[in-house]
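Values quoted throughout were computed directly from the atomic coordinates according to the rules given, and no laboratory measurement underlies them. Keep in mind the model is a prediction, meaning the values are calculated, not measured. Cβ coordinates were reconstructed from backbone atoms using ideal geometry, including for glycine residues, and neighbour counts include every protein chain displayed.
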Amino acid sequence: MRTPLLGILGWGVAFLLRCLGAEVSDASLLRAWPSWRGPLGNGVAPFAQPPLTWSETNHVRWKLPLPGKGHSSPIAVGDRVFLQTAIPIGEPQAPVFDKAPGTHDNVGVTHRHQFALLAVSRTNGSVLWQKVLRESFPHEGGHATGSLASHSPTTDGERVYAFFGSQGLYCLSVSGELIWQKDLGRMNTLHAHGEGSSPVLSGDLLILCWDHEGESFLYAFDKRTGELRWKVPRNETTSWATPLVVEHQGRRQVVVSATRRVRGYDLETGRQIWECAGLTDNVVSSPVHYQGLIIAGNSYYQQAMLAIRLEGAEGDLTGTERVAWRLNRLTPYVSSPLLYDDTLYFLRHNQNILSRIDPLTGKPRGEPLRLDGIRDFLFSSPVGAAGRIYLTGRDGVTLVLRHDRENATLAVNRLDDVFSATAALIDRELYLRGERFLYCLAE
């Protein structure tokens with residue numbers, strides 16, 4: 001008998017966090033959406049009651065035109081929403097195309113850009129402040145379906161952290177004052193496809209992955225001062241996955257998915273604890289954690305997903321019994337899995353096919369579902385709340401499914417924009433960031 005997450009919360013937040021191995025330094029953030037994959041790092045908003053239906057004329061509390069373009073997913077805490085954007089300025093120039101090997105379907109850079117962080121009122125959609133953090137002419141244009149602001153911010157409720165890759169790392173107060181900044185140099189991505197890994201907070205540390213076609217590193221900064229706590233080299237090519245912090249047997253680890261290895265690092269020192277091969281090229285999808293298992297997957301030239309046991313994990317785990325199970329079909333590419341109660345949901349590549357499996361065994365829970373109504377790619381990641389699953393396609397369609405063994409379709413909602421960012425869920429609201437507008441949807 002499956003115990004609903006809301007029921008578990010009634011037994012106490014501390015018990016829930018121990019069960020999930022979740023890393024939430026402030027229990028109040030469980031009611032917010034402080035980072036790209038939500039307060040638990042698995043795509044679930046445990047207290048939210050978002051709307052079931054909406055359209056351009058129904059259940060839109062407000063709709064804000066956005067400056068520039070970005071696929072940065074919004075975060076929401078307190079009375080405001082934060083998101084990043086890249087705003088072209090000045091007169092256009094002849095397009096400059098990156099000459100990286102394998103470049104394809106990329107757009108040329110024609111303008112200088114302002115890289116900005118916005119704070120938006122949850123009440124009425126007004127821009128509370130807009131902070132331009134850097135102005136420059138980007139050295140890479142990125143893929144036609146990407147953006148120059150695809151990293152998502154994160155917050156501890158007092159400070160907001162915005163990472164723009166080659167354009168710098170910034171810490172601001174929630175009222176918009178710049179506290180510290182870092183320039184980590186120039187990132188050269190595989191096929192010049194752009195940048196996108198988001199920063200992660202854990203305790204007093206801010207974790208950042210810098211995987212590219214040069215020297216790759218994992219960083220830990222003091223979140224208050226920006227002081228470098230540790231920096232470890234990584235034998236990796238470009239990855240876009242966001243790190244995940246988990247706690248296992250009293251020890252916190254940073255888990256990073258990438259092409260050559262999935263790796264676990266000691267949070268306090270940066271020492272690598274374990275590694276495991278098994279994914280393929282172009283790792284974008286981020287890992288999740290369930291009852292001592294790390295589950296990582298991707299799909300590019302090949303499809304792959306594996307579950308790694310943290311119990312006794314030391315050294316190279318490739319081909320050992322520490323690998324609990326593997327899949328080689330139906331795995332995600334750009335989107336990351338949703339782990340809701342005892343079910344793992346994920347998309348096939350970027351397509352409208354949803355798989356449901358038991359995260360402990362990798363066994364399917366019924367046949368894959370075709371998401372009828374969504375006709376374009378899905379780049380955003382599925383999210384869950386109030387016994388529902390929300391899946392948004394690039395074509396503006398969001399499908400709402402019931403979170404149970406049947407996963408019946410509850411609603412098909414349409415908006416007039418293009419969506420690649422993942423939704424943010426908080427209280428009775430759902431925030432969707434399109435390429436032109438930020439929507440606040442509420443009944």
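Key figures for this structure:
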read-out: FRET E, pair ARG414, GLN181, Förster distance 60 Å, beta-carbon r, rounded to 0.05; value: 0.90
read-out: Between the stretch 23-58 and the stretch 263-283, the alpha-carbon center distance in angstrom; value: 27
read-out: Cα-based Rg of the stretch 312-443 normalised by 2.2 N^0.38 Å, two decimals; value: 1.14
read-out: Convex hull of Cα atoms in the stretch 241-328, direction-averaged projection (nm²); value: 5.0
read-out: Taking all pairs of distinct alpha-carbon atoms in the chain, Kirkwood radius in angstrom; value: 21.6
read-out: Chain lengthening between THR110 and ARG260 when straightened (0.36 nm per residue, less Cα-Cα); value: 50.6 nm
